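The values are calculated or read from the model by the stated rules, or taken from the named source; none is laboratory data. These numbers were taken from a predicted model, which means no experiment stands behind them. Glycine gets a Cβ as well: all are built from the backbone with ideal geometry, and neighbour counts include every protein chain shown.
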Amino acid sequence: MQIFKVGGAVRDQLLGRAVVDIDWVVVGATPEQMRAQGFRPVGDDFPVFLHPQSGEEYALARTERKSGHGYSGFVFHTSPDVTLEEDLLRRDLTVNAMAIAADGTLHDPYGGQADLAARVLRHVSPSFIEDPLRVLRVARFAARYAYLGFRIATETLELMRTLAESGELEHLTAERIWQEFAHALMESNPEVFIQVLRDCGALKVLLPEVDALFGVPQTAEHHPEIDTGVHILSVLQQCVRFAQPLNIRWACLLHDLGKGTTAPEQWPRHIGHETRGLPLIKKVNKRLKVPNEPAQLALLVGEYHTHAHRALELRPATLLKLLMAFDIMRRPQRFADFIAASEMDSRGRLGLEERLYPQADYLRQAAEVVRAVNVKPLLKKGLQGAELGIALNAERLLAVQSYVAAVRAI
């Protein structure tokens, strides 16, 4: 029995990055031998065991053969005769197909170390094309390591394009697609993930609503970058700059979907794109089974982001309606996230990245003013039900009117 550290742990160790998760491959062992040493078996597809002390995963060396559609359509073969080289051959990229032995010896049969030095993401073998999930994984790696200068090898990008055209991506589960997007959007360059998917033709399969934004012009006065798709990529980079969480990044990715439905004769204006985008956002959220919080925020940002940009001009009644649409009394964080997403949208414009966004403080303070309205005096008057709701709304409107007047008087 020989045990090797493999995959991402080796890659990141060689790059000098922090190693978070360690995977191990065991060569020359049987499941019975693993259990005899206290390892606990997990999973049904192939023999994977948890270490009795560390809990880390140890997988028996295996080979695989394509047997159906999708990333799960494989038959695995494992036995003590499967070599380390055979196990590494089935992996996606050369930089992920290296192993380190117990004595520290590096095993690199497919040139992963050279590709690390050259900053190239290259497939290990032609079998790369058998697994559609690799399109998303490689795009995610490109987003993760873009800051180090990594690029995808031309021949690997061609295989990704072939996969995108083959129909195999349609066999990926919604949950797995969402999982890959969720991880990729939190990388240091999420815009690279989207761009790579577009370059290989996968974006028009997985998120055609976002793909449709590229090439759609906007008014140069408000969007010097012109192209709506380019704007989305810039907004994502602002999300990184300000360390925004996933739900804000997801909302920013989808907030302008309505612009993809604007008739070309109306370009570069996009009147009503906010409401036109809502059915598309709902469709994406449903198709990818997006969790409730990011899904709901995406809808609200899509509908109201231009309200945020015009916040200083809104009439008090409109401002109150905006605040209440976010249920600020019970969900203050959702409104805070909306403000953040709107600011990222504003900053994600060519040459305007440093422009201040006073709307943020204005909206935050307006929300505090509304929250400060005390319902107790109304209850003491004996108001209840619909009558109480009308009176409370009136008091809140008075508070907003006073706030707006005070700000505009400065």
For this session: Look at S188 and say whether it is farther than 19 Å from L157 by Cβ, of a type in the set (S, T, Y) and either in contact (Cβ under 8 Å) with a residue 60 or more places away in the chain or buried (at least 22 other Cβ atoms within 10 Å of the Cβ) (or both).
Result: no
Problem set entry | Candidate set: segment 296-341, residues that are out of contact with any Lys or Arg (no Cβ under 6 Å at 6 or more places or on another chain) and assigned to a loop (DSSP other than H, G, I, E, B); chosen: the one farthest from E368 (Cα to Cα) | R310
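Return the residues of segment 355-383 that are of a type outside the set (K, R), over 28 Å from the mean Cα position of the chain (by Cα) and not in a helix (DSSP H, G or I); say none if nothing qualifies. Full working, then the answer.
Restricting attention to segment 355-383, the residues satisfying the condition of being of a type outside the set (K, R) are 356-363, 365-370, 372-375, 377-379, 382-383.
This time we only want the ones that are over 28 Å from the mean Cα position of the chain (by Cα), so: 362, 365-370, 372-375, 377-379, 382-383.
A372, V373, N374, V375, G382, L383 - these are the residues of segment 355-383 that are of a type outside the set (K, R), over 28 Å from the mean Cα position of the chain (by Cα) and not in a helix (DSSP H, G or I).
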Problem set entry | Residue in segment 277-303 that is surrounded by the fewest Cβ atoms within 10 Å (Cβ to Cβ), counting only those that are free of Cβ contacts under 8 Å to residues at least 40 places away in the same chain and touching a Ser or Thr at 6+ places or on another chain (Cβ under 8 Å) | E303
Exercise. Out of the residues in segment 229-276 that are touching a helix residue (DSSP H, G or I) at 6+ places or on another chain (Cβ under 7 Å) and of a type in the set (D, E), which is surrounded by the most Cβ atoms within 10 Å (Cβ to Cβ)?
Worked result: D256
Exercise. Of the residues in segment 126-184, how many are part of a helix (DSSP H, G or I), over 14 Å from the mean Cα position of the chain (by Cα) and among the basic types (K, R)?
Worked result: 2
Seminar exercise, completed: Of (1) of a type outside the set (F, W, Y); (2) more than 22 Å from P245 (Cα to Cα); (3) at pLDDT below 95; (4) assigned by TED's automatic domain parsing to the domain that holds T228, L280 fails just (3)
Problem set entry | Members of segment 342-354 that are of a type in the set (G, A, S) and either surrounded by 13 or more Cβ atoms within 10 Å (Cβ to Cβ) or in a helix (DSSP H, G or I) (or both) | S342, S346, G348
For this session: For segment 210-228, name all the residues that are buried (at least 22 other Cβ atoms within 10 Å of the Cβ) and assigned to a helix (DSSP H, G or I).
Result: V210, T228
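Suppose we filter T262, T219, T275, T228 for residues that are closer than 23 Å to A146 by Cβ, over 16 Å from the mean Cα position of the chain (by Cα) and hydroxyl-bearing (S, T, Y); which single one remains?
Details: T262 fails: closer than 23 Å to A146 by Cβ; T219 fails: closer than 23 Å to A146 by Cβ; T275 fails: closer than 23 Å to A146 by Cβ.
Testing whether each residue is closer than 23 Å to A146 by Cβ, over 16 Å from the mean Cα position of the chain (by Cα) and hydroxyl-bearing (S, T, Y) leaves just T228.
Among the residues that make up segment 374-389, is at least one of them within 17 Å of H307 (Cβ to Cβ) and of a type outside the set (S, T, N, Q)? Don't jump to the end; show me each part of the working.
Within segment 374-389, the subset within 17 Å of H307 (Cβ to Cβ) is none.
No, segment 374-389 contains no residue that is within 17 Å of H307 (Cβ to Cβ) and of a type outside the set (S, T, N, Q).
For segment 242-275, give me each residue that is among the basic types (K, R) and either in a loop (DSSP other than H, G, I, E, B) or without any contact (Cβ under 8 Å) to a residue 12 or more places away in the chain (or both). I'd like the intermediate steps shown before the answer.
To start, the set of residues in segment 242-275 that are among the basic types (K, R) comprises 249, 259, 269.
Across segment 242-275, the qualifying residue is only R269.
Looking only at segment 276-295, count every residue that is under 20 Å from I248 (Cβ atoms) and assigned to a helix (DSSP H, G or I) and tell me the total. Give the steps one after another, and end with the answer.
Our first condition is that a residue be under 20 Å from I248 (Cβ atoms); within segment 276-295, this holds for 277-278, 280-282, 284-285, 288-295.
Going one step further and asking which of them are assigned to a helix (DSSP H, G or I), we end up with 277-278, 280-282, 284-285, 292-295.
Number of matching residues: 11.
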Exercise. Looking at (1) touching a residue at least 40 places away in the same chain (Cβ under 8 Å); (2) of a type in the set (D, E); (3) closer than 17 Å to L14 by Cβ, which is the only condition D131 fails?
Worked result: (3)
Exercise. Considering only residues of segment 73-118 that are of a type in the set (S, T, Y) and in a loop (DSSP other than H, G, I, E, B), which is surrounded by the most Cβ atoms within 10 Å (Cβ to Cβ)?
Worked result: Y110
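Do you know which residues across segment 376-403 are among the polar types (S, T, N, Q) and either under 23 Å from Y362 (Cβ atoms) or in the same structural domain as K321 (by TED's automatic domain parsing) (or both)? Spell out how you get there, then give the answer.
Narrowing segment 376-403 to residues among the polar types (S, T, N, Q): 384, 393, 401-402.
Residues satisfying the conditions are N393, Q401, S402.
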For this session: Determine which single condition A366 fails, assuming it passes every other condition in (1) surrounded by 19 or more Cβ atoms within 10 Å (Cβ to Cβ); (2) farther than 28 Å from A295 by Cα.
Result: (2)
